[in-house]
Amino acid sequence: SCPQQRCSFFCYRAVVVEEQKTWEEALEYCREHHDDLASVASETEMLLIQRELKKHNPAEHVWIGLHFFSLVGQAGWLWVDRQEMDYEAWDEGGKPACPDPRMECAAIQVTEGTEGVWGAHDCEEKLNFVCY
């Protein structure tokens, strides 16, 4: 079993949850039943998640643990486990610098041809999600 802190991808275990939940509900579910909503620190982790997604039949997009935060004088995309965003896989529009307030949660595209690409989505949308 892996220690609590993040370790190499050999310990990384992506779990695809085929329940439709908002981003906040997905976060709560992952923290209750697993560890957290998935953070993607490398291309290797992204490939592991994609491999798991192919074993299931999730909706067009699935939540990951990335969201936009804004505080006085600070704003940006942040992983729920507070890890630095060293790896990015945004869609052709790129990382939204100042997204619409409803579009502050990130999801991975599952559609063939664009699988593994991230996009900003309405946090109230109900999607499947990936925990680790």
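Within segment 115-132, count every residue that is out of contact with any Leu (no Cβ under 9 Å at 6 or more places or on another chain), more than 15 Å from Ala89 (Cα to Cα) and assigned to a loop (DSSP other than H, G, I, E, B).
The total comes to 5.
Please give the number of the condition Lys95 fails out of (1) in contact with a strand residue (DSSP E or B) (Cβ under 7 Å, 6 or more places away or on another chain); (2) within 20 Å of Lys21 (Cβ to Cβ).
Result: Lys95 passes all but (2).
Among all residue pairs at least 6 apart or on different chains, which show Cβ distances below 8 Å where the first residue, located in segment 95-117, is over 18 Å from Leu27 (Cβ atoms) and touching a residue at least 12 places away in the same chain (Cβ under 8 Å) and the second is in a loop (DSSP other than H, G, I, E, B) and of a type in the set (A, V, I, L, M)?
Listed by first residue and then by second, the contacts come to Pro96/Met103; Gln109/Val117; Val110/Ala59; Gly116/Ala89; Val117/Ala89.
What pairs come up if the first residue lies in segment 120-132 and is without any contact (Cβ under 8 Å) to a residue 40 or more places away in the chain and crowded, with 18+ Cβ neighbours inside 10 Å, the second is basic (Lys, Arg) and part of a strand (DSSP E or B), and their beta carbons are under 6 Å apart, counting only those six or more places apart or on different chains?
If the second residue must be basic (Lys, Arg) and part of a strand (DSSP E or B), no pairs are left.
Would you check if there is a residue in segment 25-38 being over 25 Å from Ala97 (Cα atoms) and hydroxyl-bearing (Ser, Thr, Tyr)?
Yes: segment 25-38 contains one or more residues that are over 25 Å from Ala97 (Cα atoms) and hydroxyl-bearing (Ser, Thr, Tyr).
Go through segment 44-114 and tell me which strands (runs of 3 or more DSSP E), entirely inside it, have 2 or more residues that are at positive phi and surrounded by 19 or more Cβ atoms within 10 Å (Cβ to Cβ).
none
Under 8 Å between Cβ atoms, which residue pairs at least 6 apart in sequence (or on different chains) link something in segment 17-39 that is among the basic types (Lys, Arg) with a partner that is assigned to a helix (DSSP H, G or I)?
Lys21/Tyr29
Inside segment 1-43, can you point out the residues that are touching a helix residue (DSSP H, G or I) at 6+ places or on another chain (Cβ under 7 Å), at pLDDT 90 or above and assigned to a loop (DSSP other than H, G, I, E, B)?
Within segment 1-43, Ala14, Asp36, Ala38, Val40 meet the criteria.
The values are calculated or read from the model by the stated rules, or taken from the named source; none is laboratory data. Fair warning: this is a prediction, and the values are worked out from it, not measured in the lab. Here the Cβ is made from the backbone with ideal geometry for all residues, glycine too, and neighbour counts use every protein chain on show.
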